[in-house]
There are 2 protein chains.
Amino acid sequence: METRRRADRARQVADLLRGQIVDGQYGRGRLPREAALARDFRISRNTVRAALDLLREEGLVERCPGVGTTVAAEKYPHGLHRLLGLAETLHEHGEVVNLVRTMTLIEPPAAVSQRLRVPPGEQVVYLERLRRLNGVPLSLDLTYLVREVGEPLFDADLAHNDIFVLLEAIAGQPLGTAELSLEAVNADAHTAAALEAPRGAALLMVERLTHLSDGRPVDLEFIRFRGDRLTMRGHLNRE
Amino acid sequence: METRRRADRARQVADLLRGQIVDGQYGRGRLPREAALARDFRISRNTVRAALDLLREEGLVERCPGVGTTVAAEKYPHGLHRLLGLAETLHEHGEVVNLVRTMTLIEPPAAVSQRLRVPPGEQVVYLERLRRLNGVPLSLDLTYLVREVGEPLFDADLAHNDIFVLLEAIAGQPLGTAELSLEAVNADAHTAAALEAPRGAALLMVERLTHLSDGRPVDLEFIRFRGDRLTMRGHLNRE
């Protein structure tokens, strides 16, 4: 690797360290010293510093002269193996509290009514929540719900419950399948402010249409996760 | 929604338009005029403009006075329902061509040898590729392969083949399961340059450890997808 550019080697090492940090190998504690990392990865200390700078730019570590490099913030694993609400998937990591920013009946645009299979003119419930884990903003969620299952939510404790769990109680049946898409987008100024992240911060954007087990689509969500706080984890099979 | 801030309404509309654009509803063509969008979404034209500005910032649309709003670039769907290589999942969308930036035998750091279950001191193949679809950079892939399946790749046509397909031919068995994690990160300056994206652009980062069907881990990859070019699509079940 000697002849490759330092930036390429730094990226390579940063990826390996990122995996170890997200796996919790260093907890919320200190990374090995630069000299030890240089030895482990068979690279120069300048390249170690460049790799740590990349992770600092991602908000994953902090670097203090004399103290070394410490893990700046926990990155939480969101299960991608089955359909789970945020509080369900993070229950081992702390308490999820939701701030309801908006909740109202709306006449949905065609882009919503078509996906929720709602006749033209029929209202749906629109809900906007800022979701925090242990006080830290994790996601901003925009949710459209068919009226039948959405309207009872006006009386529910939305601050402390996942929509999924409430929907199953209301519908009297489990959820079935969800179609989802995952994208990376930069935070616009207002979203960044809501999520207490820098403008332009990378967000993991999830669009998810959830059906009841009887097949009816009931819940269309647009979720912006802070990229520096969340990792989606799952597995795929070849066949 | 009247009393909500314009930025909140704009985000809401941008999410619905993004879904339609990614679904190909407008092809590579023109979006409806501002007045029509304002009517469809029951919002002011100023809010329509704010929503279109958000999509322009994401690189999804272009706006020209007199011409209107056009789709700037195709966003390709990467299947998340089963384990697929890039050329496999995008075969309907064009030709994937890979530029090999580096390919070499290395003594892997512990973070690699542990995951690939390689004894200390045993070498692995390290491979770095820039992957393009129809000439447009889609991803930068850093790959570690156990020597047994990696070394034959020195003689393979890596420019025009997915690693997955080559590995199955070399190993004489299909791949099995892959563990993956998905994150959103901002592009550092050098990665941005390689991907021909702006510095700080949101990237979809995939870490993936792939096993042969007999259970042996053989392929550890760190993949940075351009966020403005790729959407991961799949479904999840509740049970």
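The values are calculated or read from the model by the stated rules, or taken from the named source; none is laboratory data. Just so it is clear, the structure is predicted and the values come from calculations on it, not from any experiment. For neighbour counting, all protein chains shown are included, and Cβ atoms are generated from backbone atoms with ideal geometry for every residue, glycine included. We work out accessible area using only protein heavy atoms, side chains counted, and drop any ligands, DNA or RNA first. Shrake-Rupley method; radii C 1.70, N 1.55, O 1.52, S 1.80 Å.
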Let's test the formula: R0 of 22 Å, r as the Cβ-Cβ distance of A:Ala159 and A:Glu107. What FRET efficiency results, to the nearest 0.05? 0.25
Using 0.36 nm per residue of separation minus the Cα-Cα distance, give me the extension gain between B:Tyr26 and B:Val136 in nm, one decimal. 37.5 nm
What residues of region A:202-219 lose no less than 10 Å² of accessible area with every protein chain in place versus their chain by itself (probe 1.4 Å, heavy atoms only)? A:Ala202, A:Leu204, A:Met205, A:Glu207
Which of A:His211, A:His81, A:His160 fluctuates most in a GNM of chain A (C-alpha springs under 10 Å)? That residue is A:His81
Part-to-part distance (alpha-carbon centres) for region B:188-239 and region A:61-104, which is given in Å: 20
Region B:160-239 - Rg over Rh from alpha carbon coordinates, Kirkwood radius: 1.06
Using only DSSP helix segments of four residues or longer, with each worth -39500 (n - 2.57), what per-residue ellipticity at 222 nm results for chain A after dividing by its residue count and rounding to 500? -8000 deg cm²/dmol
Listed residues A:Leu166, A:Thr191, A:Val13: farthest to the positive end of the dipole of chain A (Cβ charges): A:Val13
Label-point separation (nm) for B:Glu148 and A:Glu239, each offset 7 Å from Cα along Cα-to-Cβ? 2.0
If the label for A:Ala36 sits 7 angstrom from Cα along the Cα-to-Cβ line, what are its distances to the same label in every other copy, in nm to one decimal, shortest first? 6.3
Go through region A:221-239 and flag every residue whose accessible area shrinks by 50 Å² or more with all protein chains in place compared to the isolated chain (probe 1.4 Å). A:Leu236, A:Asn237, A:Arg238
For a bin width of 10 Å, list the pair-distance distribution of region B:1-73 built from all Cα-Cα distances, rounded to whole %. 21, 58, 19, 1
In peptide A:38-50, what is the residue-averaged number of other protein chain Cβ atoms found within 10 Å of each Cβ? 1
Please work out the Kirkwood hydrodynamic radius for chain B, using every pair of different C-alpha atoms, and report it in angstroms with one decimal place. 20.0
Cβ charges +1 (Lys, Arg) and -1 (Asp, Glu), total dipole of the protein assembly as shown, debye: 1420
Taking accessible area as the heavy-atom solvent-accessible surface of the protein chains with a 1.4 Å probe, which residues of region A:78-95 lose no less than 20 Å² upon going from the isolated chain to the full protein assembly? A:Leu80, A:Arg82, A:Leu83
For chain A, averaging the sequence separation of alpha carbon pairs under 8 Å that lie six or more residues apart and dividing by its residue count, the contact order in percent is 17
Can you compute the charge dipole magnitude of chain B about its Cα centre, using +1 on each Lys and Arg Cβ and -1 on each Asp and Glu Cβ, nothing else charged? Give it in debye, rounded to the nearest 20. 1580
Probe 1.4 Å, protein heavy atoms only: B and A together bury a total accessible area in Å², to the nearest 100, of 6500
Run the numbers on region B:2-71 and let me know its relative contact order in percent, using alpha-carbon pairs under 8 Å that are six or more apart. 40
In Å², rounded to a whole number, the accessible area per residue of region B:87-239 with probe 1.4 Å is 37
Take the Cα gyration tensor of region B:82-206, multiply each eigenvalue by 5, square-root it, and list the three semi-axes largest first, rounded to whole angstrom. 24, 19, 14
Local net charge near A:Leu130, Cβ-Cβ under 9 Å (Lys/Arg +1, Asp/Glu -1): +2
With all protein chains present, how much of the accessible area of chain A (probe radius 1.4 Å) comes from carbon and sulfur, to the nearest whole percent? 48
Give me the one-decimal nm value for the distance between modelled label points at A:Glu95 and A:Glu62, 7 Å along each residue's Cα-to-Cβ direction. 2.4
